[in-house]
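The values are calculated or read from the model by the stated rules, or taken from the named source; none is laboratory data. Please read these numbers as outputs of a predicted model, since none were measured by experiment. Backbone-built Cβ (ideal geometry, glycine too); neighbour counts: all protein chains shown.
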Amino acid sequence: MEKRIIGLTGGIATGKTTVANYLASAYNLPILDADIYARDAVALGSPILNAIAQRYTEDILLADGSLNRQKLGEIIFAQPDERQWLEDLIHPDVLSRFQEAIAKSAAPTLILAIPLLFEAQMTDLVTEIWVVRCSELQQLQRLIQRNHLTEAQAQARIHSQLSLEAKAARAHVVLDNSSTPELLLKQVDVALTQNTIESI
């Protein structure tokens with residue numbers, strides 16, 4: 001039987017982690033997380049971290065030599081060309097990590113949590129796409145509160161991604177997180193039991 005590989009995505013601060021955690025805890029499904037792979041890609045001593053330090057000088061590093069994520073974020077979210085440079089550096093590494101993990105897994109269903117599923121052109125990895133969405137105002141408020149950002153900083157992060165409307169238009173399942181967590185998770189239950197999956 002073909003492996004079911006669900007690409008879980010959405011906008012920043014729309015609730016992807018809530019859905020992923022629920023799928024792991026309630027259904028014991030393996031979660032392959034792009035954010036974890038991206039962190040591993042820039043680990044201390046990695047070629048990618050060295051390339052970042054060469055481009056931005058060692059000011060981009062913390063005292064222990066690890067990446068200063070806050071400082072890097074200030075650069076890439078203010079300068080689209082720099083964000084593109086960084087993504088071109090990291091995405092191939094993340095892609096290869098996903099491919100290796102999928103090949104090794106014997107699980108019949110896998111969840112790939114990939115915030116930039118469309119932007120990084122990784123849709124070929126999955127058999128179906130789930131998009132978590134909420135209203136733009138909710139997304140903005142949640143991001144400001146969660147990451148302690150100014151409104152301008154939060155807007156820059158939101159606008160660095162493909163719009164929620166564009167993502168939802170390409171999804172097999174759209175999970176609405178504009179109400180309560182309970183209603184969100186009920187939608188997850190329904191989506192997981194759907195077996196008729198159209199090809200992407």
Could you list all residues from the stretch 171-190 that are closer than 20 Å to ILE114 by Cα, surrounded by fewer than 17 Cβ atoms within 10 Å (Cβ to Cβ) and of a type in the set (Gly, Ala, Ser)? none
Hey, can you tell me all the residues within the stretch 17-34 that are in contact with a strand residue (DSSP E or B) (Cβ under 7 Å, 6 or more places away or on another chain) and under 25 Å from HIS148 (Cβ atoms)? VAL19, ALA20, ASP33, ALA34
Taking the stretch 118-139 and keeping only residues that are within 19 Å of LEU184 (Cβ to Cβ), crowded, with 18+ Cβ neighbours inside 10 Å and not charged (D, E, K, R), one is left with ILE129, TRP130, VAL131, VAL132, CYS134, GLN139
Among residues of the stretch 78-88 being of a type outside the set (D, E, K, R) and either surrounded by fewer than 17 Cβ atoms within 10 Å (Cβ to Cβ) or in contact with a His (Cβ under 9 Å, 6 or more places away or on another chain) (or both), the residue nearest to ASN147 (Cα to Cα) is ALA78
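It is to be established whether one or more residues within the stretch 173-185 are closer than 21 Å to PHE77 by Cβ and without any contact (Cβ under 8 Å) to a residue 12 or more places away in the chain. If you could, list the steps in order and put the result at the bottom.
Start the filter on the stretch 173-185 by keeping residues that are closer than 21 Å to PHE77 by Cβ, which leaves none.
For the stretch 173-185, residues closer than 21 Å to PHE77 by Cβ and without any contact (Cβ under 8 Å) to a residue 12 or more places away in the chain: absent.
Working only within the stretch 23-47, note down all residues that are buried (at least 18 other Cβ atoms within 10 Å of the Cβ) and either aromatic (Phe, Trp, Tyr) or free of Cβ contacts under 8 Å to residues at least 60 places away in the same chain (or both). Walk me through it before giving the result.
Taking the stretch 23-47 and keeping what is buried (at least 18 other Cβ atoms within 10 Å of the Cβ), we get 23, 29, 32-34, 37-38, 41-42.
Result: TYR37, ALA38, ALA41, VAL42.
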Of (1) within 13 Å of the chain's Cα centre (by Cα); (2) within 30 Å of TYR27 (Cα to Cα), ILE158 satisfies all except one. Which? (2)
Quick one: THR14 ticks every box in (1) closer than 20 Å to LEU149 by Cβ; (2) of a type in the set (S, T, N, Q); (3) part of a helix (DSSP H, G or I); (4) at pLDDT 95 or above except a single one, so which number is it? (3)
Where in the stretch 27-93 are there helices (runs of 4 or more DSSP H), lying fully within it, with 1 or more residues that are within 22 Å of ILE158 (Cβ to Cβ) and of a type in the set (S, T, N, Q)? 69-76
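Tally up the residues in the stretch 129-146 that are within 25 Å of GLN194 (Cα to Cα) and either in contact with an Asp or Glu (Cβ under 8 Å, 6 or more places away or on another chain) or aromatic (Phe, Trp, Tyr) (or both), please.
3
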When ALA166 is evaluated against the numbered criteria (1) without any contact (Cβ under 8 Å) to a residue 12 or more places away in the chain; (2) surrounded by fewer than 16 Cβ atoms within 10 Å (Cβ to Cβ); (3) aliphatic (A, V, I, L, M), which criterion, by number, is the only one it fails? (1)
